[in-house]
1. Evaluate the distance, in nm, between pseudo-label points positioned 7 Å from the Cα of Ala758 and of Ala374 along their respective Cα→Cβ axes.
2. Along the charge dipole of the chain, Cβ charges K/R +1 and D/E -1, which of Gly553, Leu718, Ala423 sits furthest on the positive end?
3. With an 8 Å Cα cut-off and a minimum separation of 6 or more residues, compute the relative contact order for the chain in percent.
4. Once you place label points 7 Å from the Cα toward the Cβ at Arg551 and Gln243, how far apart are they in nm?
5. On a straight-distance basis, which aspartates and glutamates could pair with Lys307 in a cross-link, Cα separation under 16 angstrom, same-chain partners fewer than 8 positions away excluded?
6. If the chain between Asp334 and Glu290 were fully stretched, how many nm would it gain, using 0.36 nm times the residue separation less the Cα-Cα distance?
7. Using a Cα-Cα cut-off of under 16 Å, which lysines could be cross-linked to Lys73, ignoring same-chain neighbours fewer than 8 residues away?
8. Could the peptides 681-689, 161-169 be put in order, highest first, of the mean number of other beta-carbon atoms found within 10 Å of their residues?
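Rule-based calculations on the coordinates, nothing more; no lab input. Small disclaimer: the values here were computed from a predicted structure and weren't measured. Cβ coordinates were reconstructed from backbone atoms using ideal geometry, including for glycine residues, and neighbour counts include every protein chain displayed.
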Amino acid sequence: MTTTTDTTPTPALTTITLQVQGMTCASCVGRVERVLKKQPGVQAVSVNLATERASIRLLADTPVQALVAAIDKAGYPASPVVQEEQAADAQAQRQAAERAQLQRSLLWALALALPVFVLEMGGHLWPALHGRIDAQIGMRNSWLLQCVLTAAVLLGPGRHFYLLGVPALLRGAPDMNSLVALGTAAAFAYSAVATFAPGLLPAGTVHVYFEAAAVIVALILLGRFMEARAKGQTSQAIRRLVQLQASSARVQRPDGQWQEVDIAQVLTGDVLQVRPGERIPVDGLVLEGESFVDESMVSGEPVPVAKQPGSELVGGTVNQNGALVLRATQVGGDTLLAQIIRMVQQAQGAKLPIQALVDRVTMWFVPAVMGVAALTFLAWWLWGPQPSLNFALVNAVAVLIIACPCAMGLATPTSIMVGTGRAAQLGVLLRKGQALQQLHNTRVVALDKTGTLTAGRPTLTDLELAPGHSRAAVLAAVAAVEHQSEHPIARAIVHAAQQDGLALPEVQQFEAVTGMGARAQVGGQRIEIGADRFMQQLGLEVTAFAAVAQRLGQEGKTPLYAAIDGQLVAMLAVADPIKPSTPAAIAALHQLGLKVAMVTGDNRHTAQAVARQLGIDEVVAEVLPGGKVQAVQRLQERHGTLAYVGDGINDAPALAQADVGIAIGTGTDIAIEAADVVLMSGDLGGVPKALALSQATMGNIRQNLFWAFAYNVALIPLAAGVLYPVNGTLLSPMLAAGAMALSSVFVVSNALRLRRFAPPVVAADN
């Protein structure tokens, strides 16, 4: 029997980002997505209205220009995003130019529409004005003037709606611009016939609606201008990050001279100088000097960090009070700041699962609205009161205008943009936008112990002395012996002696006693250090320290004993200390209504002690890295959506298995790559911050979607005139235009509230 092996290579995939202009509503987003999905080689597409970007997963050999040409043909100019930093700056400039253009168009529209409104509606609002207008210029001249002014509005400030809306309508893909173009054109055409050829209309239907066409354009431009101003604020987080990058650096040349160069000319390995008050230009290591550096833009922590030779520096942070000389380790797009910008940009462009519902609805929304408008026109024309044609026109136009789906398209992406930007300011990087929704659904948070709950390195926590002995003398002697060992506990004792500024005496005859401890001669004295069984072997009783040893054991600390010349002199305790921020973080998670579990490879006794101290609900101890994945799966089965927090290489599989993987930013690159969320500092307090922000963001999205959907569902029937038979209520096209414009402004303004989000401040449980 012959077995055939398929050796066909798996096609290479890549992801590109295109900047797409001209999108104004959810229908535009759907149109761009459908066009891109039809192109050869494209595997998946996600288009974001708020960021004006399309993220495309495609075969690596797919020509990008073919995609750009396809979108251009559909009416949406596009260009590839090469560098995120430059693209963010270009987008900000383009948005500023768009706002300026909208402002000019709005002012012209208001100036031209106001006389039309006064001429037609002034008599209804102020009866005395009606007689004065008739007496001065006459009704026909009034209509002619209104016609000229309205034509100026439609051909000037309003031509944008026709240039975009009519081609979209002819392509069979109507959008918001198509609705506005149809509504205003219908009102203007009917009014023009009434003005120049009234005999073509049935008796009693000769009336003009120039003011509706003119004022609709003015109101929609007002809404777009307010929306553009608000949208400009949603991307402030990216712009602020881009502005953190230094534009130049002071580099040491081979002749020893310092030269100011453009930041793009700095190379890895260059030696740079940073004076007090300047930004660190690139990532690097301190070679000379001491200072404090403000790293709040990276970690979210306001306290400056001390730097000395050997310390790591992050580009974009601010040097405070000392001059530093550093060696560049990462430059250009490889710096941490550049990576942060890319992460935030990618997260802001993401689509949440909740967006799928919006996409399905809006795909058919505009055609459905046009159908409802057509039915409204026919119903009023055939069965409405006289003049039925007038009623039919007014109500059909009102339906077209009220139903523009701008708010639907903006509801989700604007909240994501502001939420992810605010998260970055708090030191929480959402590598994947979808993590926002998954965090909101989280029911249990599983935490690694070492390096996550604790500092990740053993520390001497206690030193109990027998009467007649001093801390300095005992610690110096013990540390001198332990200095000969590479054991982590030994290093913790040596570090404590160094912290106290103690000089270590000379050691002779060092001997490591396997499984017991160590002994040596120090200054003519015999020093022996080890566990209680070592002391018992030496014939020494440790009962004098029994009560203290029991307490330390309950706290998860490892007790050791020291003897000098056969006399017990001290008991030491070494432990991996809990981070100062950990108790408050656990309390905050409980306040959010979440279960907290600890998954660790440490022994059960120590793990239970730490859990009791912190109030952790569930402990899974003595697990290997592979066992962490099974532990996460069991917790998911019992509790539901799970977020896992870890920092080490052995945490990467569990981070990937969890519904949301959260990596401590001070951890390994592998753990960070496997995570959905990165905490830029080692502070576990970032976890409740991320969870609270996700809840606030998802709540904000629900508010926006409710407003957008409920608004359209409620007002389309009202615009169609369903209340007219009951109480004579009709929604004029002008009011419809104003209401539609305000709905988009409401959605964007509501999203901007997230910029003021402040995580709850919770004290640690007592």
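1. Distance between label points: 5.6 nm.
2. Leu718
3. With pairs under 8 Å counted, the relative contact order is 13 percent.
4. Once both label points are built, they end up 5.4 nm from each other.
5. Once the sequence-local aspartates and glutamates are set aside, what remains near Lys307 is Glu278, Asp283, Glu288, Glu290, Asp294, Glu295.
6. Details: separation 44, 0.36 × 44 = 15.84 nm, distance 2.53 nm.
Full-extension gain reported as 13.3 nm.
7. Partners found: Lys37, Lys38.
8. Final packing ranking: 681-689, 161-169.
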